[in-house]
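Take a look at the structure set out below.
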Amino acid sequence: MKTRRRQLLLGAAAFAMTGRARADGDGQWSRIRQSGVLKVAFYNDFAPFSDDGKGVDVDVATALVARMGLRMAPMFFDADENMDDDLRNMVWKGHYMGYGPADLMMHVPVDRDYMARQDKVDFIAPYHRERYAVAYDRDKVDRLESMQPFEQLDFGVVVDTLPDSLMLSADGGRYRSRIRHFPTLDLAVKALQAGEVAGVMALQGELEAALAGAARFAVVVPPLALLNTRQWPVGIAIRRGESELGRSIMTAMNDLTTNGEIGDIMAKHGVVWRKP
């Protein structure tokens, strides 16, 4: 998956649904109800949320659509250069190759600043809270109270991500010589498990799932001022103005959150649910 999309998942927690509507918004909801089918877009290659047709987002969407009394038609897609492209391709316009748009797209950042720049998309129904984290090897690091151990121990990051940029410059660049770059998080985690690196920084949900049940590894908030309070909700994107669809989605998501089903789905995939 393109890494720029991940770097976009940053910002203060915020939630809004605008009242501006397209003329055919409620007509679209009527067509959905008549067909009984809701088209849902998921990222490819984004474990544990959506990968090879399964994951947290797939299960959440399945439960959501069932709660709405509809059937789901999944649409899996590869991330484009940035999230603006993804929203255009999968939410409000459709890809020039003829794929999409869907009725909704899973796993978008409900971020105040980013939402303010969008005039064709509404961001609704947050169902999880994400942040960056550090996974470290307890056999090599007793307790991670600062990043100082990684002045002497190798540390893994995925190339061209926020953790990559941050670790290159953090604390005056003192960790630069110990950074090891990996093309994917899967390879970085395998290096951690093999003892080739002592720590890895990435999105917390991805690290939790990748290391679920392995007592040797801890997943903690990074002891870096820039990241230790930075969190953001993850929610759903729909075309702007589809008010009836939006209300139905939010009602169903609220039910799934209240009855604990969202937390159960997260736990099944090794992710700790964090209330948005």
May I ask you to compute the full-extension gain from ASN259 to SER35, defined as 0.36 nm times their residue separation minus their alpha-carbon distance, rounded to one decimal in nm? 77.8 nm
Apply the a/c threshold of 1.5 to the C-alpha gyration tensor of region 151-200 and tell me whether it is rounded, prolate or oblate. oblate
With runs of 4+ DSSP H residues as the only contributors, calculate the mean residue ellipticity of the chain at 222 nm using -39,500 (n - 2.57) per run, divided by the residue total and rounded to the nearest 500. -9500 deg cm²/dmol
Rg from C-alpha atoms of region 131-220, normalised by the globular rule of thumb 2.2 N^0.38 Å, equals 0.95
Any chance you could tell me what percent of the C-alpha pair distances in the chain go past 36 Å? 17
In whole Å, what is the distance between the alpha-carbon centres of region 162-185 and region 243-275? 35
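Each value in this text was obtained by applying a stated rule to the coordinates, not by laboratory testing. Please read all numbers here as calculations on a predicted model, not as lab measurements.
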